[in-house]
Amino acid sequence: MERSVNTEINIYSTPEEMFAKAADEICSLINYYLNEFNRCSVVLSGGNTPKKLFEILGKEYNERIKWGRVFFFWGDERCVPPDDDESNYKMAKEYLFSFISVPDSNIFRILGEKPPEEAAAKYEAALKHFFEGQAIPQFDLILLGIGNDGHTASLFPGTTAIDTTDKWVDYLYVEKLKSWRITLTFPVINKAKNILFIVDGKGKSEIINKI
Ligand code: 6PG
């Protein structure tokens, strides 16, 4: 049965306005799932753009979101230790987790310090346990960014991960970044109940228009 997909594109005149609106939207989505199911699974995006958004959520939404029943995952991770400045986990810890009270057991970190294949396998096993019985994990909300080349998560154009459909989590070497990455695959991303792309920066308007 085809799923109905509602797509909404919002363009804001300032990053501040975009982050404020995004935070509100995320808050209402999380509270909907907390009220309906007493839990909400959220996939965090990485890179630089989400920092301001995470800071707003961390500092301004403690009264409005009961974080204790929110479960955090990542769309992708760099293959680095969790205290490395390149780590998406470290960024989320610094800009979000340091302001909210959420049990460590609610945070499903991708083990970037492990060899890529092992990190991907362990992350996929954790997802299979959390989403027990689901053929493809269905996250309540996935936050994503977009790179200048149109990549999202770590699904980079021209890489094999783009076409992976038999795994929930893949690992890949990104030649142009000279780095290994772990990423959710497209079947998992496309299964989500809600996907929020948050994109900022003049350098991205061309790729956004193309997309
Ligand atoms: C990552 C991200 C990646 C990111 C885009 C945009 O680990 O880098 O998950 O998909 O969202 O590259 O990054 P910026 O927000 O830094 O422009």
Exercise for review: Could you tell me the largest-minus-smallest coordinate of the C-alpha atoms of segment 53-211 on each of the three principal axes, in descending order and whole angstroms?
Suggested key: 43, 40, 31
**Study point:** Residue-span extension gain [Glu17 to Glu86] - 0.36 nm each, minus C-alpha spacing
**Key:** 22.2 nm
Check your understanding: Ignoring any ligand, DNA or RNA, what whole percent of the accessible area of the chain comes from carbon and sulfur when the probe is 1.4 angstrom?
Key -> 50
Practice item. Subtracting the Cα-Cα distance from 0.36 nm times the residue separation, let me have the gained length for Lys93 to Asn38 in nm, one decimal. Key: 17.5 nm
Practice item. Could you let me know the centre-to-centre spacing of segment 7-40 and segment 84-129, using Cα atoms, in angstrom? Key: 22
Review point. What nm value, rounded to one decimal, do you get for the distance between Thr160 and Lys59 when each label is placed 7 Å out toward the C-beta?
Key: 4.4
Study note, to complete from the structure: With all protein chains in place and a 1.4 Å probe, Glu36 shows an accessible area in Å² (nearest 10) of 110
Check your understanding: Per residue, what accessible area does the chain have, given a 1.4 Å probe and all protein chains present, in Å²?
Key -> 55
Review point. Along segment 110-127, what does the Karplus equation 6.51 cos²θ - 1.76 cosθ + 1.60 (θ = phi - 60°) give for ³J(HN,Hα), rounded to whole Hz, x for Gly and Pro?
Key: 7, 7, x, 7, 8, x, x, 4, 5, 4, 5, 5, 5, 5, 5, 5, 5, 5
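The values are calculated or read from the model by the stated rules, or taken from the named source; none is laboratory data. Everything numeric here is computed off the predicted structure, so don't read it as measured data. Please note: Cβ atoms are built from the backbone with ideal geometry, for glycine as well, and neighbour counts cover all protein chains shown. Heads up: the accessible areas ignore ligands, DNA and RNA and are worked out on the full protein's heavy atoms, side chains in. Shrake-Rupley method; radii C 1.70, N 1.55, O 1.52, S 1.80 Å.
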